Every structure is written in structure tokens, then in C-alpha cells.
Amino acid sequence: MPDVVTFGEVMVRLAPPHFQRLEQARTLDVEIGGAELNTAAGVVRLGRSAAWVSRLPDNPLGRLVANRVREAGVSDRFVTYAPDGRCGLYFLEFGAAPRASSILYDRRDSAISQVQRGTFDWAATFAGAKWFHVTGITAALSPGAAEAVDEAMHAAKDAGLTVSVDLNYRAKLWGREQAARVMGLLLPLCDVLIASEADAEHLFGVSGEDFTEVAEGLAERFGVTTVVGTRREADLVWRNRFAAVGYSAGRTVESAWYEVEIVDRLGAGDALAAGLIHGLLDGDLKRGLDYGAAMGALKHTIPGDLPWVTKDEVEAVLGGQGVRIKR
């Protein structure tokens, strides 16, 4: 049985090469991406086992996604295939200062958006597992998907799993009021919440002078035991500083900061979540933040959404490895 189970959508990602605009494109690079799969793949890269739960169309694009899932070492045994629906797409334009990168979604009526309560056998899925991870993106796909997330979280708690949620608010998927209502019902079911200070204030009106005050507000409101956030300082589109911060039991801890030259920023937060889960499975928040920050920093340097890193590389970054060529 896998250590970690995640649940969510994966889309086919299409991006023009060489910083082109979509209007200019003659070719598109093909990748796949989805927050929960990205995290599952990161957990596997750190030496643990993970399974991804989803619903894919029974067509070549669905099989393309499943092939990439297996290539990443993630189990697809709980993926179902549907004759209806489609595979979501998203188009990514890489920007450079002062033009930001941008995403155009084409995901309406995807196969997973048609899931509902009872689609999956959660008791069987969680048998022997230790951790369940999901994001607000999955709940945003449709009312049925939100019900499936609720069902999964209840089943995970019943099975004794630790439950983590990355809030991951996406304004292109749902409005503030709907997101606040749905996630406000789901968050009391989770143990570990990953959320930005901006989303905490925008959705729930939880604010403070610093991360600790915001985390205390979220913990008090929803009963979560641990709150984690990402630190970013961005001078340019392709150069940032990156770190992780966490709060639990009245104590705030932080990772080291990393200077990152960005090749592809998508999936960095999901890589952070993987390192966090890895550390928390060992019962150590500081270890989780350290692994998460190092893994997120490395992910910035890798094309595509998936964190194609090794545990040795993560630990080398933790040890202060420089950027000289390895020979």
C-alpha cells in the first residue's frame, strides 16, 4: 500500500517554445501537470511510495497522462477511465520582466469534473496508507468534485490518515464567496493546511501583522494543527528568493532562504508540499520545511510541472552545495 494518497486533476500542458506568445506559436511543447500528482511524484522522488486518484477519459490523451504518471513512479491503480468527459488542457506562455508568465485554461467538462460522492471506494484506497493530500483546486472543479473531496477527507480521517490541504485558491476556477463557503466546510477535516497569507485574508478575512498571527487565526478558526506558507521575494520574473515557514503548537519555524534562477516555476509549491509531507511523516516539522524549501527551490530549475529531482540532490542543497559544474 502507498504511504501517501493524493486526489486531483491532471491536465495536458501545451507551451510555445522560446518565450513565444500563443499567437506566434507554430509548435507546442507537451507536458502534464496537476497539483496533487506533482506532490505525489515529489514524495516518490524522496524515496516513499504514493498513489494518485483521479478519473481520466478513455482516449489517447487519458492514456498519455497515465503513462506519464507511471513514468514518475506514482501508482495509478486507483485511476478510473470514463467514456464521457475529456482531458483538460492548459496553455502556458513563459514571460520575462516586465511581462509576466500567463496561463489559459481549457478544462471545462473534464472527466474528473464529473465525479461525485460514491465514484471512488475510499476505504479500499486508504487501506494501509498514512497520509492523504488534496488541494482546493479539486474542490473547485464542480459541485460533485467538492462532494467527492468531502467524502475522501471523511474517509481518510476514519481510516486514521493524516490529512493535508493546499488551499491553492484559483480565481479562474471559482469566485471568492463560493471558495470560502466550500473550503470553510472542508478545512476542519484537515490536520495540515498550506495557505498563503493573501488567500487567508481574501477568503476568510484572517489577517495579522505577520505569518504567525495569520497561522494562529487559521488554526483557531478551523482546528488545524499545522499551518505552512511559502516565502517569496521577486525582483524579476526569472529570479526569486524562496523559503518555507510553518506554525504548530504555538511555535513558528522557518527554512533557509534560497536564491533561485527560474527555468519553470510551475509545481514549485507542490514540490514544497512533498518535502513537507516527507518530514512530517517522520514527525518533524522543521525537517519538512527544510526538505520542502530545498525541493521547491530545485523545482524552479526544471522544465515541466513534475519535480524530477533526487533525494541526494535535495540533501546536497540542504548542505549548501554550490553551482559549479559536477564532473
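Quick notes on this one:
- Among the residues of segment 182-192, none qualifies, meaning not one is loosely packed, with under 14 Cβ neighbours inside 10 Å and closer than 30 Å to residue 99 by Cα.
- Residues of segment 13-27 classified as surrounded by fewer than 16 Cβ atoms within 10 Å (Cβ to Cβ) and either touching a residue at least 60 places away in the same chain (Cβ under 8 Å) or in a loop (DSSP other than H, G, I, E, B) (or both), total: 8
- Exclusive hit being assigned to a loop (DSSP other than H, G, I, E, B) and either in contact (Cβ under 8 Å) with a residue 40 or more places away in the chain or touching a Gly at 6+ places or on another chain (Cβ under 8 Å) (or both), set 128, 118, 160, 73: 128
- Some residue of segment 216-227 being within 27 Å of residue 262 (Cα to Cα), of a type outside the set (Gly, Ala, Ser) and at pLDDT below 95: no
- Here the strands (runs of 3 or more DSSP E) wholly within segment 216-327 that include at least 3 residues being out of contact with any Leu (no Cβ under 8 Å at 6 or more places or on another chain) and on the phi < 0 side of the Ramachandran plot are 226-236, 239-248, 258-261.
- Taken over segment 45-96, the criterion of being out of contact with any strand residue (DSSP E or B) (no Cβ under 6 Å at 6 or more places or on another chain) and of a type in the set (Asp, Glu) is satisfied by 71, 76, 84.
- Every residue from segment 156-166 that is under 15 Å from residue 223 (Cα atoms) and surrounded by fewer than 24 Cβ atoms within 10 Å (Cβ to Cβ): 157, 162, 163
Residue by residue, here is whether (1) at pLDDT 95 or above; (2) of a type in the set (Val, Ile, Thr); (3) on the phi < 0 side of the Ramachandran plot holds:
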{"position": "23", "(1), (2), (3)": "yes, no, yes"}
{"position": "42", "(1), (2), (3)": "yes, no, yes"}
{"position": "48", "(1), (2), (3)": "yes, no, yes"}
{"position": "59", "(1), (2), (3)": "yes, no, yes"}
{"position": "65", "(1), (2), (3)": "yes, yes, yes"}
{"position": "72", "(1), (2), (3)": "yes, no, yes"}
{"position": "83", "(1), (2), (3)": "no, no, yes"}
{"position": "86", "(1), (2), (3)": "yes, no, yes"}
{"position": "90", "(1), (2), (3)": "yes, no, yes"}
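The values are calculated or read from the model by the stated rules, or taken from the named source; none is laboratory data. Worth saying up front: this structure is predicted, and the values here are computed from it rather than measured. Glycine also receives a Cβ, built like all others from the backbone with ideal geometry; neighbour counts cover every protein chain displayed.
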